[in-house]
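*Asks:* Okay, here's the structure, questions in a sec.
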Amino acid sequence: MLASVISYSALGIGGQLIHVEVDIRRGLPGIDIVGLPDNAVKEAKERVRVAVRNSGFAFPKDRILINLAPAGIRKEGASYDLPIAIGILIASNQISNRKYLPVMVIGELNLEGGVKPVKGVISAVISGLVNNIALFLVPGENLTEANAVNRGRVFGISSLREAFIWFSDFTKGRLPDTALKESVPGKTIENETEKYGDFTDIRGQLRLKRAMEIAAAGFHHIMVFGPPGSGKTMSAFRLPTILPDLTEQESLIVTQIHSIAGLLPVYTGLIRHRPFRAPHHTASLEGIIGGGAVPRPGEVSLAHKGVLLLDEAPEFKKTLLQSLREPIEAGMVTVSRVGSSIKFPSEFQLVMTANACPCGNLGRDDAVCMCSRSEIYRYWRKIGGALLDRIDIRVPVQPVAREIIFSEKGESSGTIKERVKKAVEIQEKRYKQYKFNRNSRIPAGFMEYFCSLDNQSSMTLFRATKKLSLSSRAYHSVLKIARTIADLSNAERINEEHILEAVQHRRYGDSDFFWNFN
């Protein structure tokens, strides 16, 4: 007998439908799996054999051939366990056979016949819908995730026995509601300020907090540098608390990425808050950019539509830092392998922190920096001018005075977030007809249209560009920052005041490698 069950293989954040074909013929008992399976798939034959028997079914004592088609795509993971088991039950006439079953089945089996959660379920459902599959059988713990798409009919099961009941009824022409698990409400995600803190925790540092607000409103990349203990990392960790929530479309893509990476908790629906990723400086290139034998998203993709923090940026490998330039520009990472090329979204907001010198004392009033100019030059050279030129906002900070530490708290994250939200709404309305929706993503060809200046503002920017020796990219950065400042002020046009403030946020790092504070 021959049976075919539809399953799924991840490919980037999308995927490919896989037909699990099962053929049972006379011969020595055994199972052969073909179609480029990895070790986890090859081991499925032992899990399936025991799970079928422990679920009360008879395992065929014949030769079984399982073909995962198309054969040219490498199959990996344990999500093929359940479709293989269902295929064997159909081919052995334990489930009434039908030539075509328009149902996608994914799930891992344990030895007792229970169905365990797998990754990539939301992408599987989306791929199935694109290919006119409207019925899905998934692990019960992945049901909330699968239902987040709000299309098709999704059934959650907890065991092979439940799958058998479902298919038995389905092949008789009815969908059994008894096998349908109600979608569990998505886990409540902790409040962002509870997770990352609040901007009221930062005393003083008004310039730093203003820079963070501008960066959040325009999705600008930002770098904060100064001595240890001046609030660099503290402010970076509080940036997510003032970012607007994800839109519905953004949530769908972000959830797909995290599901493919296996980072989406069970009983979780769409991710609503912007991701915040802070990898350690010992992270590998593949860990940051993505890759592997079977390409998986890296930190730049996990931070899509959110924040990627590189704390103590000069401590990261130079090659790793330079590899960020393409994702920053394109908003996409391309992982190339022999015979294939896979793309992962990576439109993230880069936040970097650093000391002003290797010893960390440069900029402190109560300490002496013993680093030579050449040592400081080598320290900053790790970041490199090409990457640094793509950072819109650069903020020097110094430790606050002791009396400020004991002063009253400043604005809360909630207050700042409201201003950011209004500025974002202005941008979304302005750019609704374009492929970009934030000021930081304005293409060079649209600068004059969206960032027009009067004569006085234009002359001010010209003098600043000449005095600070700003590059053409830096000139555009100043305009983008000024556009965001104007939006925060609810001003339709950019004026001289906005230009002057924007220049102060961009002035460091282009010509003065010493990065002093004077």
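The values are calculated or read from the model by the stated rules, or taken from the named source; none is laboratory data. Here the structure is a predicted model, which means the values were calculated and not measured. Quick reminder, even Gly has a Cβ in these numbers, built from the backbone with ideal geometry, and neighbours come from all protein chains shown.
*Asks:* For segment 283-303, which positions are part of a loop (DSSP other than H, G, I, E, B), closer than 17 Å to residue 12 by Cβ and of a type outside the set (A, V, I, L, M, F, W, C)? If you could, list the steps in order and put the result at the bottom.
*Replies:* In the first step, residues of segment 283-303 are kept if they are part of a loop (DSSP other than H, G, I, E, B); the result is 283-284, 292-295, 298, 303.
Next, from what is left, pick out any that are closer than 17 Å to residue 12 by Cβ: 292-295, 298, 303.
If the condition is that a residue be part of a loop (DSSP other than H, G, I, E, B), closer than 17 Å to residue 12 by Cβ and of a type outside the set (A, V, I, L, M, F, W, C), then 292, 295, 298 are the ones that fit.
*Asks:* If you don't mind, another one. Being polar (S, T, N, Q), free of Cβ contacts under 8 Å to residues at least 12 places away in the same chain and in the same structural domain as residue 130 (by TED's automatic domain parsing), is that true of even one residue in segment 19-42?
*Replies:* As a first pass, look at segment 19-42 and keep what is polar (S, T, N, Q): 39.
Imposing the further condition that a residue be free of Cβ contacts under 8 Å to residues at least 12 places away in the same chain reduces the set to 39.
Okay, now just the ones that are also in the same structural domain as residue 130 (by TED's automatic domain parsing), so 39.
Checked against the condition, which is being polar (S, T, N, Q), free of Cβ contacts under 8 Å to residues at least 12 places away in the same chain and in the same structural domain as residue 130 (by TED's automatic domain parsing), segment 19-42 yields at least one hit.
*Asks:* If you take just the helices (runs of 4 or more DSSP H) that sit entirely in segment 337-445, which of them hold at least 2 residues that are out of contact with any helix residue (DSSP H, G or I) (no Cβ under 7 Å at 6 or more places or on another chain) and within 23 Å of residue 274 (Cα to Cα)? Don't jump to the end; show me each part of the working.
*Replies:* Working: elements: 373-381, 385-388, 402-405, 413-430.
Output list reads 413-430.
*Asks:* Provide a single number: the residues in segment 228-239 that are in a loop (DSSP other than H, G, I, E, B) and surrounded by 23 or more Cβ atoms within 10 Å (Cβ to Cβ). Reasoning before the result, please.
*Replies:* In the first step, residues of segment 228-239 are kept if they are in a loop (DSSP other than H, G, I, E, B); the result is 228-231.
So of that shortlist, the ones also surrounded by 23 or more Cβ atoms within 10 Å (Cβ to Cβ) come out as 230.
Here the count works out to 1.
*Asks:* Answer yes or no as to whether residue 71 is more than 23 Å from residue 267 (Cα to Cα), of a type in the set (A, V, I, L, M) and surrounded by fewer than 24 Cβ atoms within 10 Å (Cβ to Cβ). Talk me through it step by step, then tell me what you get.
*Replies:* On the way: more than 23 Å from residue 267 (Cα to Cα): yes; of a type in the set (A, V, I, L, M): yes; surrounded by fewer than 24 Cβ atoms within 10 Å (Cβ to Cβ): yes.
Taking the combined requirement at face value, the residue satisfies it.
*Asks:* Something else now. Would you call residue 333 in a loop (DSSP other than H, G, I, E, B) and more than 27 Å from residue 225 (Cα to Cα)?
*Replies:* On the way: in a loop (DSSP other than H, G, I, E, B): no; more than 27 Å from residue 225 (Cα to Cα): yes.
Answer is no for this residue.
*Asks:* Still on this structure: Considering every residue within segment 352-370, establish whether at least one is more than 20 Å from residue 228 (Cα to Cα), at pLDDT 85 or above and among the polar types (S, T, N, Q).
*Replies:* Filtering segment 352-370 down to residues more than 20 Å from residue 228 (Cα to Cα) leaves none.
No.
*Asks:* In segment 118-139, how many residues are over 15 Å from residue 10 (Cβ atoms), surrounded by 20 or more Cβ atoms within 10 Å (Cβ to Cβ) and in contact with a Phe, Trp or Tyr (Cβ under 9 Å, 6 or more places away or on another chain)?
*Replies:* Total satisfying the criteria: 2.
Okay, residues lined up against (1) touching a Ser or Thr at 6+ places or on another chain (Cβ under 7 Å); (2) part of a helix (DSSP H, G or I); (3) modelled with pLDDT of 80 or more:
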site	(1), (2), (3)
122	yes, yes, yes
136	no, no, yes
181	no, no, no
203	yes, no, yes
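*Asks:* Regarding residue 194, is this residue part of a helix (DSSP H, G or I) and at pLDDT below 85?
*Replies:* For residue 194, the condition - part of a helix (DSSP H, G or I) and at pLDDT below 85 - is met.
*Asks:* Quick check on my filter: what residues within segment 78-96 are in a helix (DSSP H, G or I), farther than 30 Å from residue 260 by Cα and either of a type outside the set (A, V, I, L, M, F, W, C) or without any contact (Cβ under 8 Å) to a residue 12 or more places away in the chain (or both)?
*Replies:* The answer is none; no residue qualifies.
*Asks:* So which of 337, 394 is loosely packed, with under 15 Cβ neighbours inside 10 Å, among the basic types (Lys, Arg) and in the same structural domain as residue 278 (by TED's automatic domain parsing)?
*Replies:* The conditions single out 337.
*Asks:* Which of the numbered conditions does residue 381 fail, given that it passes all the others? Conditions: (1) crowded, with 16+ Cβ neighbours inside 10 Å; (2) farther than 22 Å from residue 332 by Cα.
*Replies:* The failed condition is (1).
*Asks:* Being touching a strand residue (DSSP E or B) at 6+ places or on another chain (Cβ under 6 Å) and without any contact (Cβ under 8 Å) to a residue 40 or more places away in the chain is true for just one of 125, 130, 121. Which residue is that?
*Replies:* 125
*Asks:* Which of the residues spanning segment 20-40 are in a strand (DSSP E or B) and within 20 Å of residue 52 (Cα to Cα)?
*Replies:* Filtering segment 20-40 down to residues in a strand (DSSP E or B) leaves 20-25, 30-34, 37.
Listed by number, the residues that qualify are 20, 21, 22, 23, 24, 25, 30, 31, 32, 33.
*Asks:* Give segment 325-375 a look and list any residue that's of a type in the set (Lys, Arg) and over 30 Å from residue 73 (Cα atoms), or say none. So that I can check it myself, show each step before the final result.
*Replies:* Going through segment 325-375, the residues of a type in the set (Lys, Arg) turn out to be 325, 337, 343, 364, 373.
Once the filter is applied, which keeps residues that are of a type in the set (Lys, Arg) and over 30 Å from residue 73 (Cα atoms), segment 325-375 yields 325, 364, 373.
Yes/no matrix, rows are residues, columns are (1) hydrophobic (A, V, I, L, M, F, W, C); (2) surrounded by 23 or more Cβ atoms within 10 Å (Cβ to Cβ); (3) modelled with pLDDT of 90 or more; (4) out of contact with any Leu (no Cβ under 9 Å at 6 or more places or on another chain):
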residue: 241; (1), (2), (3), (4): no, yes, yes, yes
residue: 247; (1), (2), (3), (4): no, no, yes, yes
residue: 251; (1), (2), (3), (4): no, no, yes, no
residue: 259; (1), (2), (3), (4): no, yes, yes, yes
residue: 267; (1), (2), (3), (4): no, no, no, no
residue: 294; (1), (2), (3), (4): yes, no, no, yes
